[in-house]
Amino acid sequence: MTGSKKTLDSKIMILSLIIIIFSSGVSLYPRISFNGSGGGYDGPGDGDSAFENASIESMVVEGAGYYLQANACIQSFLNHVELQDVRGVDYSELQRLIANAVENITHARLAYEKLVETAEKTPYNTVVIEQLKAFDYDSFMIENRLNETILKKVEGYLSNGNITGALRHGLSVIGSIQWLLFIVTNYVEFDQMPGLEITWKLNELCAEFSLFGGYTARIFHSLQ
């Protein structure tokens, strides 16, 4: 089989899989970070409740998308930091990665700022709030083997019906990541590596945001 024939067959297979997925009604809605939290809000009381939920949820997806792109660049940067004694340092590549990370984390921060602003003006869905208050967080943590420290942070907001507070916490962590990326930029632009304390903190903040947003999404998904 020629290379062109293999390529054509691969494209046909991928297209077929896409058609099967869409035709089968499988949901492709992302559930990586804070997804589902839009269902915790009602509309303004004028019959547009579903629209308001979709609006908030779309902002959640937008913010998560930008964060995930930024985190991909950050993890690649950290990989370079880890392997610098083996492979050396390509500062032009580091500059590219950090610039992309800064661009995406800035978009993420703006998206979460808009999300929090909208959430603050939107009434809660009381049914979902009661579900969150009655949720068995301890059993959920044990069953899914979750990080207790992060899960307790999530519980502190959701068990009190404070969905907006959880989103606001996410925004705060995004802001801290952005601030550290600005510091890293000042180093790599002058062909220098930032100190380990900075890279450690950057990695830890990304891990915190990923777990916090992920646990929140898992809890909302379990309410469905």
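The values are calculated or read from the model by the stated rules, or taken from the named source; none is laboratory data. These numbers were taken from a predicted model, which means no experiment stands behind them. When we count neighbours, we look across all protein chains shown, and the Cβ atoms used for this are built from the backbone with ideal geometry, even at glycine.
Exactly one residue out of Glu93, Glu143 is without any contact (Cβ under 8 Å) to a residue 40 or more places away in the chain, among the charged types (D, E, K, R) and touching a His at 6+ places or on another chain (Cβ under 8 Å): that is Glu93.
Given the criteria without any contact (Cβ under 8 Å) to a residue 24 or more places away in the chain and either in a helix (DSSP H, G or I) or more than 19 Å from Lys152 (Cα to Cα) (or both), does Ile174 qualify? Against the criterion (without any contact (Cβ under 8 Å) to a residue 24 or more places away in the chain and either in a helix (DSSP H, G or I) or more than 19 Å from Lys152 (Cα to Cα) (or both)), Ile174 does not qualify. Specify the residue that is modelled with the highest pLDDT; the eligible residues are those in the range 37-49 that are out of contact with any Phe, Trp or Tyr (no Cβ under 8 Å at 6 or more places or on another chain) and not in a helix (DSSP H, G or I). Across the range 37-49, the extreme among qualifying residues is Pro44. Determine whether Asn162 is in the same structural domain as Cys73 (by TED's automatic domain parsing) and more than 22 Å from the chain's Cα centre (by Cα). Here the answer is no, as Asn162 does not meet what is asked. Filtering the range 84-131 to residues that are within 15 Å of the chain's Cα centre (by Cα) and among the acidic types (Asp, Glu) leaves only Glu113. Taken over the range 187-203, the criterion of being loosely packed, with under 11 Cβ neighbours inside 10 Å and in a helix (DSSP H, G or I) is satisfied by Leu196, Glu197.
Evaluated against (1) of a type in the set (A, V, I, L, M); (2) part of a helix (DSSP H, G or I); (3) closer than 23 Å to Gln75 by Cβ, Leu146 falls short on exactly one condition, (2).
Phe220 passes every criterion in (1) touching a helix residue (DSSP H, G or I) at 6+ places or on another chain (Cβ under 8 Å); (2) at pLDDT 95 or above apart from (2).
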